[in-house]
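Reviewing the structure listed below.
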Amino acid sequence: MRVEILIFLIPIVAIICGTIISLTKNKREHERARGSSLSEEETRIMQELHQSLSKMEKRVEALETIIINKK
């Protein structure tokens with residue numbers, strides 16, 4: 001039962017993260033088109049978000065490995 005839940009949740013998490021990244025990139029491009037740049041705080045937040053998503057990606061890969069090895 002837990003494996004089925006993980007298989008269902010992994011794509012949902014990936015879609016949510018992809019959407020967040022896409023929206024953030026679009027916002028940044030829109031701001032640059034207006035001539036404004038990101039503040040230091042916004043840059044720091046973006047870097048933290050990127051690092052967190054990278055960690056999440058590694059965790060998802062680890063879960064996929066565990067699931068595949070249990071089969």
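Brief remarks on what is shown
- Probe 1.4 Å, protein heavy atoms only - accessible area per residue of the chain in square angstrom: 88
- Within the straight-line cut-off of under 18 Å between alpha carbons, the aspartates and glutamates reachable from LYS25 are GLU40, GLU41, GLU42, GLU48, sequence neighbours fewer than 8 places apart in one chain being disregarded.
- Only alpha carbons enter this Debye calculation for the chain, each as an equal point scatterer, and the log10 of I(q)/I(0) it gives at q = 0.11, 0.13, 0.15, 0.28 Å⁻¹ is -0.40, -0.52, -0.62, -1.25.
- Rounded percent of accessible protein surface that carbon and sulfur make up, the chain, 1.4 Å probe: 60
The values are calculated or read from the model by the stated rules, or taken from the named source; none is laboratory data. This is a predicted model, so every value here is computed, not measured. Note: accessible area is taken over every heavy atom of the protein model, side chains too, but ligands, DNA and RNA are not part of it. Shrake-Rupley method; radii C 1.70, N 1.55, O 1.52, S 1.80 Å.
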